[in-house]
Amino acid sequence: MSAAPDRRSSNGAPPAVSASDTSAPVANLSGRLVYRFGAGEADGDLSLKPLLGGKGASLAEMSRIGLPVPPGFTISTVCCQYTIDHEGAWPDGLAEEVDAGLRHIEAILGAQFGEAEDATEVGGDGAPATAATNTEAPLLLSVRSGAAQSMPGMMDTVLNLGLNDAVTERLARTTGNERFAYDAYRRFIDMFGDVVTGVPHHHFEAALAALKAERGVTSDLDLTAADLRTLVARYKAVYETHAGAPFPTDPRVQLRLAINAVFASWNNDRAVKFRRINRMQDLVGTAVTVQAMVFGNTGPTSGTGVLFTRNPATGEAALFGEFLANAQGEDVVGGLRTPRAIAEMEEAFPGVYAQLVDAARRLEAHNADMQDVEFTVQDGHLFLLQTRNGKRTGPAALKIAVDFVREGLADPPTAVRSLVQPHHIDQLLHPQFADADRYAGRVIATGLPASPGAAVGRVVFTADEAERQRDAGERVLLVRVETSPEDVGGMDAAQGILTARGGMTSHAAVVARGWGTPCVSGCGALVVDEVAGRFTVGDTVVEAGDWLSINGSTGEVILGQEALVEPELTGDFETFMGWVDAARTLGVRANADTPADAAQARAFGAAGIGLCRTEHMFFGDDRIGAMREMILADTDAARAAALDRLLPFQRADFADIFRAMDGFPVTIRLLDPPLHEFVPHTPESQQETANRLGVPIEQVQAAVARLAEVNPMLGHRGCRLGITNPGITAMQARALFEAAVEVQAEGVDVQPEVMVPLVGTVAELADQRAVVERVAAEVFAERGAEVAYLVGTMIEIPRAALTAGAIAAEADFFSFGTNDLTQMTYGYSRDDAGTFIPAYLDRKVLPADPFQTLDREGVGQLVSMATTSGRATKPGLKVGLCGEHGGDPASVAFCHAVGLDYVSCSPFRIPIARLASAQAALAS
Ligand code: PEP
Ligand code: MG
């Protein structure tokens with residue numbers, strides 16, 4: 001590969017950036033393209049994150065507040081797509097701005113970047129180069145990626161850039177450390193070859209292994225300076241063989257190629273996959289930060305490390321991380337040497353440690369968040385290379401939020417807005433093992449507790465296999481020697497992740513923690529044979545497909561399939577959720593059909609039930625028979641008798657739900673699904689029903705055939721059932737009002753809301769409303785007591801949304817059934833959409849699955865319009881939403897924005913919906 005020609009846009013106009021990979025607006029290439037930082041100043045700041053990426057923006061910000069960062073400059077994200085689309089050509093002005101950036105670094109450091117190679121090359125196996133005349137330490141650069149949202153390890157980096165034979169000689173001379181200089185050079189050739197030119201790393205590894213074998217040593221550290229000179233010559237040969245051209249010796253050419261390679265890494269497979277999994281669709285590209293290198297491997301007073309300002313697993317307020325003396329960054333991540341806990345620095349590097357503690361405190365206060373910091377110590381001097389808000393577990397997020405408020409680093413609204421995210425709450429609700437004592441005898445190994453929570457699955461050894469089996473409906477545990485960014489698809493597919501290698505800041509640990517996937521890492525007792533599909537621990541052999549359980553909170557690996565239980569929430573959770581509730585205006589109710597669900601929903605903070613699907617009450621063994629009798633009855637009397645048998649079951653269920661929801665509204669929906677769903681479909685169950693009813697099986701089969709529909713979702717369901725079989729509505733209303741009167745007499749505050757499903761015309765609602773009101777009056781007269789109640793409707797058919805003004809005249813409330821409303825607005829069958837939606841998402845035909853996240857543009861427009869016209873008819877009309885979207889944070893934010901009164905979702909999503917609605921309120 002040769003240097004890309006410096007082509008400019010041919011028509012002189014600012015070229016448009018392809019929008020193929022993002023929904024963001026066309027980037028503006030006419031403004032500043034390069035932002036410098038260093039020596040206590042910066043062109044940019046944190047607010048420019050969309051242009052500078054997280055890394056560039058944080059370096060600018062750290063420089064501004066006087067923290068020690070090596071000087072550098074960041075090329076804006078707006079240049080990324082342009083260079084990709086134009087085969088490495090740069091937009092107008094970028095080359096000049098990069099040159100100015102280089103002069104800026106040189107001026108701050110008094111150092112010079114690169115020099116053209118002397119005529120004399122390093123000869124063969126290590127003959128010395130011609131001595132350069134320059135006496136200054138040369139300036140070497142790092143070239144790093146960094147998008148506006150963190151994509152850890154997904155894109156490329158080039159370090160030690162600017163080395164050639166002459167510069168390396170000068171580096172050796174000015175540092176007095178020849179071994180260091182040649183070590184840096186060989187690492188650079190390897191990394192440049194791998195990242196920029198596509199010469200696979202393993203070719204360089206093979207050359208290194210061969211040299212070590214020749215020298216009879218096992219560690220890189222045992223190679224001498226002369227050995228490393230030899231290695232450089234061999235690496236150059238490896239490069240030339242595989243790249244088809246000599247290693248580029250002009251540092252400015254190296255820089256240009258490296259910048260383009262980092263831009264190009266935006267579109268490598270793993271980065272694309274990572275963005276897809278994480279739904280990162282609004283980014284225009286990566287920024288590239290070019291920065292003076294500092295070296296952690298110049299000797300025993302140098303080193304490198306990564307730290308979190310608080311423990312990212314527990315939230316404990318103490319520095320947490322790893323440090324390696326006399327090493328470069330990739331040594332920490334690469335797992336070749338075992339890093340030391342950061343706390344040990346206090347003894348080994350007391351001055352630097354104190355500076356780190358101070359920097360951590362300042363960064364936390366400045367960013368009002370826990371930080372994840374990369375640093376290097378060069379000859380006793382501390383340099384910060386990056387800071388970003390640290391990824392953390394759910395429990396840690398909660399503790400950090402509450403501690404930040406207690407320590408005065410944040411106020412409650414800030415804690416609610418930015419320190420705990422819905423996915424953290426989700427993690428808090430993750431299952432744990434039912435009985436830790438019970439499995440004690442089956443713990444076969446213990447690794448690091450990298451990401452908490454309990455996970456159970458069948459063992460798989462490759463990411464592909466994990467995805468395949470997940471797609472086939474299997475629960476899998478991914479077991480790897482270690483994970484790499486290529487594995488993200490499989491990691492996402494797995495219930496949990498187990499690795500033999502890698503520490504608390506390893507790839508597996510960081511990614512799993514961010515996603516809330518339980519993970520045990522660095523489990524050294526495991527001997528993993530990924531090819532054979534098995535691992536061994538001592539005498540125990542575990543094969544692919546075997547059941548395995550892991551405890552990400554303790555690091556235990558357990559043979560077999562453990563039972564899981566839901567966690568309990570106390571302490572900090574209550575404190576934090578108190579702040580959440582103070583901030584929100586949108587109510588949160590539960591979709592709950594049983595007294596147990598209702599109790600769980602109350603425990604999670606539900607202010608009532610927004611949807612009780614009464615059909616679920618008919619499936620119990622004791623009820624389904626009577627239900628079938630009712631459906632198959634061929635006389636009115638037989639149907640009435642069957643309904644009479646169902647009534648006590650319904651009444652008892654309603655009574656228990658009212659008790660569990662004392663003081664809160666309970667929305668009870670009349671029967672909705674097509675009757676076909678309740679009839680027996682197998683010959684055995686048809687025979688059983690026939691025996692029960694004392695009729696021939698043919699009669700049962702004839703009824704089943706009669707009820708079959710071509711499009712059941714658009715068929716005889718919802719209010720259509722109640723209108724054609726008013727006895728069903730009457731039975732449900734009677735059960736409901738009898739229960740309400742009975743429970744109210746116990747002193748319970750009962751607030752029933754009767755909801756009519758699948759209404760498309762106002763006449764349908766009026767019909768059902770009349771039945772409900774008649775039965776209510778009958779029951780109240782019989783019992784000599786009244787209960788206040790509402791009658792409302794679901795809005796889940798587009799026609800209902802379009803005629804909401806008229807429907808509101810008959811409705812005391814609306815509740816949007818966005819599952820059906822999405823189905824009917826898109827014309828996508830709820831039950832069949834899985835066959836094409838994944839392809840739509842892959843091809844970006846859809847931005848998100850509309851059954852998960854409410855489509856604001858279409859379905860949302862109906863919601864907003866119907867709310868407005870409903871309230872125009874009936875000011876103050878209560879309006880809620882009870883589709884699955886009620887537990888999806890983005891959809892909850894929409895509900896807040898259009899002024900709904902409440903959302904209703906499954907019990908385990910209630911805390912998430914509470915937080916999402918508080919965040920929406922704080923954002924507006
Ligand atoms: C809906 O359609 O959104 C709804 C809540 O009802 P169901 O899912 O029971 O059809
Ligand atoms: Mg529905």
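The values are calculated or read from the model by the stated rules, or taken from the named source; none is laboratory data. Please read all numbers here as calculations on a predicted model, not as lab measurements. As a convention, Cβ positions derive from the backbone with ideal geometry for all residues, glycine included, and neighbour counts pool all protein chains shown.
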Looking at segment 452-475 only, could you name the residues that are within 19 Å of the chain's Cα centre (by Cα) and in a strand (DSSP E or B)? 454, 455
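With 2, 63, 47 as the choices, which residue is outside any loop (DSSP other than H, G, I, E, B) and at pLDDT below 95? Spell out how you get there, then give the answer.
Values: 2 fails: outside any loop (DSSP other than H, G, I, E, B); 63 fails: at pLDDT below 95.
After applying the criteria, what remains is 47.
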Residues that are acidic (Asp, Glu) and either more than 30 Å from residue 527 (Cα to Cα) or not in a loop (DSSP other than H, G, I, E, B) (or both), drawn from segment 398-451: 403, 407, 411, 426
How many of the residues making up segment 532-572 are within 13 Å of residue 479 (Cβ to Cβ) and not in a strand (DSSP E or B)? 5
As an exercise: evaluate residue 680 against (1) within 16 Å of ligand 1 (Cβ to nearest atom); (2) under 22 Å from residue 707 (Cα atoms); (3) part of a loop (DSSP other than H, G, I, E, B) and give the number of the one condition it does not meet. (1)
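Is it true that residue 715 is surrounded by fewer than 21 Cβ atoms within 10 Å (Cβ to Cβ) and within 15 Å of ligand 1 (Cβ to nearest atom)? Show your work before the answer.
Values: surrounded by fewer than 21 Cβ atoms within 10 Å (Cβ to Cβ): yes; within 15 Å of ligand 1 (Cβ to nearest atom): yes.
The answer is yes for residue 715.
Being under 25 Å from residue 110 (Cα atoms) and in contact (Cβ under 8 Å) with a residue 40 or more places away in the chain is the requirement here; does residue 60 meet it? Spell out how you get there, then give the answer.
Details: under 25 Å from residue 110 (Cα atoms): yes; in contact (Cβ under 8 Å) with a residue 40 or more places away in the chain: no.
No; evaluated as a whole, the condition is false for this residue.
Which of the residues belonging to segment 755-789 are within 16 Å of ligand 2 (Cβ to nearest atom) and within 14 Å of residue 667 (Cβ to Cβ)?
First, the residues of segment 755-789 that are within 16 Å of ligand 2 (Cβ to nearest atom): 755-760, 764-765, 768.
Within segment 755-789, 755, 756, 757 meet the criteria.
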When you go through 113, 73 one by one, which is the residue that is of a type in the set (Phe, Trp, Tyr) and either out of contact with any helix residue (DSSP H, G or I) (no Cβ under 7 Å at 6 or more places or on another chain) or within 30 Å of residue 362 (Cα to Cα) (or both)? 73
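Residue check: is residue 906 modelled with pLDDT under 95, within 16 Å of ligand 2 (Cβ to nearest atom) and surrounded by fewer than 21 Cβ atoms within 10 Å (Cβ to Cβ)?
Details: modelled with pLDDT under 95: yes; within 16 Å of ligand 2 (Cβ to nearest atom): yes; surrounded by fewer than 21 Cβ atoms within 10 Å (Cβ to Cβ): yes.
It is true that residue 906 is modelled with pLDDT under 95, within 16 Å of ligand 2 (Cβ to nearest atom) and surrounded by fewer than 21 Cβ atoms within 10 Å (Cβ to Cβ).
I'd like to verify a number: residues in segment 790-810 that are part of a loop (DSSP other than H, G, I, E, B) and more than 16 Å from ligand 2 (Cβ to nearest atom), how many? Outline the logic, then answer.
Keep residues of segment 790-810 that are part of a loop (DSSP other than H, G, I, E, B), which gives 796-797, 803.
Those still in the list that are more than 16 Å from ligand 2 (Cβ to nearest atom) too: 803.
Number of matching residues: 1.
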Looking at (1) within 21 Å of residue 250 (Cα to Cα); (2) touching a Gly at 6+ places or on another chain (Cβ under 7 Å), can you tell me which one residue 187 breaks? (2)
Residues being part of a loop (DSSP other than H, G, I, E, B), within 13 Å of ligand 2 (Cβ to nearest atom), crowded, with 24+ Cβ neighbours inside 10 Å and among the hydrophobic types (A, V, I, L, M, F, W, C) - total across segment 811-866: 0
Checking residue 180 against (1) farther than 29 Å from residue 275 by Cβ; (2) crowded, with 21+ Cβ neighbours inside 10 Å, which single condition isn't satisfied? (2)
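Table: residues versus (1) outside any helix (DSSP H, G or I); (2) modelled with pLDDT under 90; (3) under 41 Å from the mean Cα position of the chain (by Cα).
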| position | (1), (2), (3) |
| --- | --- |
| 626 | no, yes, no |
| 652 | no, no, no |
| 656 | no, no, yes |
| 671 | yes, no, yes |
| 689 | no, yes, no |
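For segment 574-598, give me each residue that is assigned to a helix (DSSP H, G or I) and either crowded, with 18+ Cβ neighbours inside 10 Å or within 16 Å of ligand 2 (Cβ to nearest atom) (or both).
In the first step, residues of segment 574-598 are kept if they are assigned to a helix (DSSP H, G or I); the result is 574-583, 595-598.
Across segment 574-598, the qualifying residues are 576, 577, 579, 580, 583, 595, 597, 598.
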Could you grab me the full set of residues in segment 45-81 that are surrounded by fewer than 24 Cβ atoms within 10 Å (Cβ to Cβ) and hydroxyl-bearing (Ser, Thr, Tyr)? 47
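Yes/no matrix, rows are residues, columns are (1) out of contact with any helix residue (DSSP H, G or I) (no Cβ under 6 Å at 6 or more places or on another chain); (2) polar (S, T, N, Q); (3) within 26 Å of residue 280 (Cα to Cα):
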{"site": "818", "(1), (2), (3)": "no, yes, yes"}
{"site": "823", "(1), (2), (3)": "yes, yes, yes"}
{"site": "831", "(1), (2), (3)": "yes, no, no"}
{"site": "836", "(1), (2), (3)": "yes, no, yes"}
{"site": "857", "(1), (2), (3)": "yes, no, yes"}
{"site": "873", "(1), (2), (3)": "no, yes, no"}
Conditions (1) modelled with pLDDT under 95; (2) assigned to a loop (DSSP other than H, G, I, E, B); (3) buried (at least 21 other Cβ atoms within 10 Å of the Cβ) -> residue 787 fails only (1)
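Given the options 208, 163, name the one that is under 40 Å from the mean Cα position of the chain (by Cα), modelled with pLDDT of 95 or more, part of a loop (DSSP other than H, G, I, E, B) and among the aliphatic types (A, V, I, L, M).
On the way: 208 fails: part of a loop (DSSP other than H, G, I, E, B).
After ruling out the rest, the residue left standing is 163.
From the list 187, 170, which one is of a type in the set (D, E, K, R) and touching a Pro at 6+ places or on another chain (Cβ under 8 Å)? If you could, list the steps in order and put the result at the bottom.
Values: 187 fails: touching a Pro at 6+ places or on another chain (Cβ under 8 Å).
Going through 187, 170 in turn, the sole match is 170.
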